[in-house]
Each structure stands twice: as C-alpha cells, then as structure tokens.
Amino acid sequence: MLWSLLKIVLFVAAVAALTLGAGYVMESQGGIQITVGGMEFTLGPLQSVIALIVLVLVLWLVFKLVALLIALLKFINGDDTALSRYFDRNRERKGYEALSQGMLALASGEGKLAMAKAQKAERYLHKPEVTALLTAQAAEMSGDTRKAEEVYKMLITREDTRFVGIRGMMKQKLAKGDTDTALKLAERAFALKPKHEEVQDTLLRLQAQKHDWQGARRTLNAKLKHGALPRDVYKRRDAVLALSEAKDIISDDKPIEAREAAIAASKGSPDLIPAASMAARSYVAQGKPKLAVRVLKKAWSVEPHPDLAAAFAEIEPDETPAERMKRFRLLTTSRPEHRETRLLKAELALAAEDFPEARRALGDLITTEPDVRVLTIMAAIERGEGANEAVVRGWLAKALTAPRGPQWVCDNCNHIHSEWTPVCENCEAFDTLSWKRPPQSESGVVAGSEMLPLIVGALEDKVSEPPEEPVAELLTPEPPTAAGEAAAEATEVPDPSAMDVEIEKAK
C-alpha cells in the first residue's frame, strides 16, 4: 500500500518537473547554444525539446547495443543469459514434442518410429532418465534386445534410475529363460523397492521354481508386511511353501523335519489336501493315529478328496471291509451329499460286496456327473448283481468317452497335473492348482486311482498306481471264500490302465 502511494507521488513529481522544464524552455528567448569544434549551433525552444528526445533515444539504443554485445560475449563464454535461455526453451520445446510423439508411436506399436523420436528427444533434452526408458521399450518392440540391454545397463549406473534399469534387465533375462540371472536381479530390485508388487511376485515365483522355500517365505512375509497380500491368502501360501519344503526334506531323507513342516503346513491351511495327507501319514509313523484322524477329518470337512481317503485307510491297513465301512463313517458323515463322499461310500460297499448299497450311494451321479470313475463303478455294480454281459459292456463303453472327473488343474493355464505341485509345470505360476473338472478339450489321461481309487483295499500298493487285478480281488483284503470267488468273477472289470489305452484309441 505504501509502495503504491510512493510510486504515485514520484510519478506526479516527475510530470510536474517535466512541465516546469518545458515551460521554462518555451519562455526563454535565446534558446540553447551548442559549440562543437569552433562551430556554434543555436536551437530554439522547440528544437531543443526535439534534440533532447533524440538524445535520449540515441543513448537508449547505445545502452541496448552494449547490453546485447555483453550478452553475446557471455553466451559465447557459456554463461546463462537471456539469449541462452531463449535457445534452451526452444530446444526443450522441441525435445518434449519429440518425446510425446515417441510415446504415441510406442502406444501405436510403431517401434522404429518411437526409437527415432526417442533419439531426437535425447538430442534436444539431454535427460537420459526421461528418454532412455522410451528408447529401451522402443528397442524391445522393434526386436533389438541388444540395444534395450545397453540402455538398461546405462540406467543401472545412475542412482535415480537404477531400479528401472534392474527391472528392465530382469524382464529381459526372463524373456530369454535365464532364470538364474533373473533371480539375482529380482533380489536386487526387491532390496531397492521392497514394496513393489510386481518385483515381489516375480521374486516369489522364481524362488519357488528354484525350490528356495525359505527365501520364498521371507518374500511372502514382506508382501504381508507391506499390505500387498491379504492375511488369509498369506496363510494359504505360507502353508504351500511349508509343504513344498517338507517334500524336499523327505527326498533328502530327513523325516523328522519333514513331519514337522507337513504338520505346520496342515495347521496353517486345513484345505491344503497334500499337506493334510502328509501330516496324517507323519502322525501314523509317530504312532499317533488319533491325531491323524483329526487332521484328515478336518480336511475332509473342508474339501473331500481321494488322497484324504487313501491316507485315512492307511491308519488301519489290516481291517476287514465291514470294519472299514464302520470306521469310515467318521468321514462319510461329514459332507454326505458331496460327490467324493458318495463315491467313497459306493467303493466301500463294493469292497463289502453290498452291491445294492453301492447303487444307493451313487444315486443320481450316473445322470448328473457321469464321468469315467462313476461309470466304472456302475459297471462293477451291474456285474456284481449278475446283470447281462451286454449291460456291463454298455457301461464300460460309455466310460471310454466320458469326462475324466476332477483333477489337479492350473487356474492360470488349465494345464492338467497328475499330482499336486506348488508351481505349475506349464506356465510356472505359483499356487494355482485346484482340484476341479478340467475343460473337456483339456482332459488328459489320469491315473487308475482317479478312475477307481484303491483306498478300500490292497493298501500295500501305491494309490497312484493303476490296478492290475480284477476289482473284486483288490477290494477283498483276505483270500475269498467260494461265495467270494463267485462274486469276484461276477464283478470283474477291465484293468483301468488298459481302458486308458482304449480311450486314447477312441480319441
């Protein structure tokens, strides 16, 4: 406020002074006399005013020329001047214009044009932290991986772009299949930015592929710590890693550690079927069958599965079919309407040669879910009840083209696995296997245990191996009597492995 008032006062004073001076000049009679080199010049009042104005303009032009000359000398010397700032702004405008054009070309899929614009932008801007990434991405799009790697290596040398360079090199190595180098780069990137979700996921996947379960669990813990993973998902995946570690320990002949890891995995995620099965077997090995029953019963209540029933059968390997049916009520009373529970009851009834009960257990599965396993059991029931040979062959013929039923299928790529693994064999995704029905076009050959599990008999054989004896003989733990031999002859069905061959021929 005061400064504005002061400027007004100064302006009025200047106008008053100029008015007074002009009046004085106009009233003077002689004007102004100027002597230069012995010559006198007399200027009238009006001429004096004009001469004064011209003098001021000449002085102003001289000052401007001197200032321009000084600025030019400073510009040549490299100092910051208005002239240099003008050229800098002009270069910056052209550089950002080229950069924006390069980004548009990259988004349009024009790799070569994007690279040319990136080089032009770098020439004007001299900011590699801005233009180098565009150059690298354009080189990748154009297929020039060597140029892309050069740019990423250059970015690694700078402190402010180191993470970008490491991440770019990591992706390059992954594309080439060099997972060893990619793992090291992922670890470096994770050390720089532990909150980066993509780096976390990549590091976790690579560690799982390399069976570095301890490192993977640390990475998983970091994901939970930084809020990139819900706690329930964390508990599930940590259990998967613990189970995977246990399986590796078993292969290294360290059963005690394996048991502890399997039990920890089962407690961490009861729905993890392989963990529950391994934990139950470890309890049986320790002479703690009640704990094994508890683990399997809890897992069965979450998700019934043939592997759980197989582990449950191993708790009492020498029991009779009747005793087995009675003991298995601990499982069959839980989730009684579930498909796997009904199939288990049917197979237990077959082992006890109670064919009507087996038929009742199947119920409407023959029409609602007629897969290979259901139709094979139905063929055994028909033969056990003395049905015509044509009827039995009819059921087996349907089984040849029927769906295979639930299998371990990757949720990411629908690849079918013969057994559970923490990492998909096809797409290498982590913890993506689910026990479900695969798409019909994706169905593959399954083990005989999945067609007709051997959980109700012949427990000395591995569950994953297809049976090579008639079904009735496999379901009878003791030498059959005369009536048993007649029932065995009536319920004999083809070898499931032979059926696989026939199915492949039919396809």
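I'd like the full set of residues that are assigned to a loop (DSSP other than H, G, I, E, B) and under 25 Å from Trp408 (Cβ atoms), limited to region 288-333.
Correct list: Glu303, Pro304, His305, Glu314, Ile315, Phe328.
Sort out which residues of region 139-172 are touching a Leu at 6+ places or on another chain (Cβ under 6 Å) and assigned to a helix (DSSP H, G or I), and write them in order of number.
Phe163, Val164, Gly165, Ile166, Met169, Met170 - these are the residues of region 139-172 that are touching a Leu at 6+ places or on another chain (Cβ under 6 Å) and assigned to a helix (DSSP H, G or I).
Looking at Gly102, is it surrounded by 23 or more Cβ atoms within 10 Å (Cβ to Cβ) and either modelled with pLDDT of 85 or more or not in a helix (DSSP H, G or I) (or both)?
Yes; evaluated as a whole, the condition is true for this residue.
If a residue must be among the hydroxyl-bearing types (Ser, Thr, Tyr) and either closer than 14 Å to Arg373 by Cβ or buried (at least 18 other Cβ atoms within 10 Å of the Cβ) (or both), how many such residues does region 330-362 contain?
Count: 2.
Within the group Leu192, Leu183, which residue is surrounded by fewer than 23 Cβ atoms within 10 Å (Cβ to Cβ), at pLDDT 90 or above, of a type in the set (A, V, I, L, M) and under 19 Å from Ala429 (Cα atoms)?
Leu183
Of everything in region 227-252, what is surrounded by fewer than 19 Cβ atoms within 10 Å (Cβ to Cβ), touching a helix residue (DSSP H, G or I) at 6+ places or on another chain (Cβ under 8 Å) and not in a helix (DSSP H, G or I)? Give them in sequence order.
Result: Ala228, single match.
The values are calculated or read from the model by the stated rules, or taken from the named source; none is laboratory data. Everything numeric in this text was worked out from a predicted model, so none of it was measured. A quick note on method: Cβ atoms are made from the backbone with ideal geometry, for glycine too, and the neighbour counts reach across all protein chains shown.
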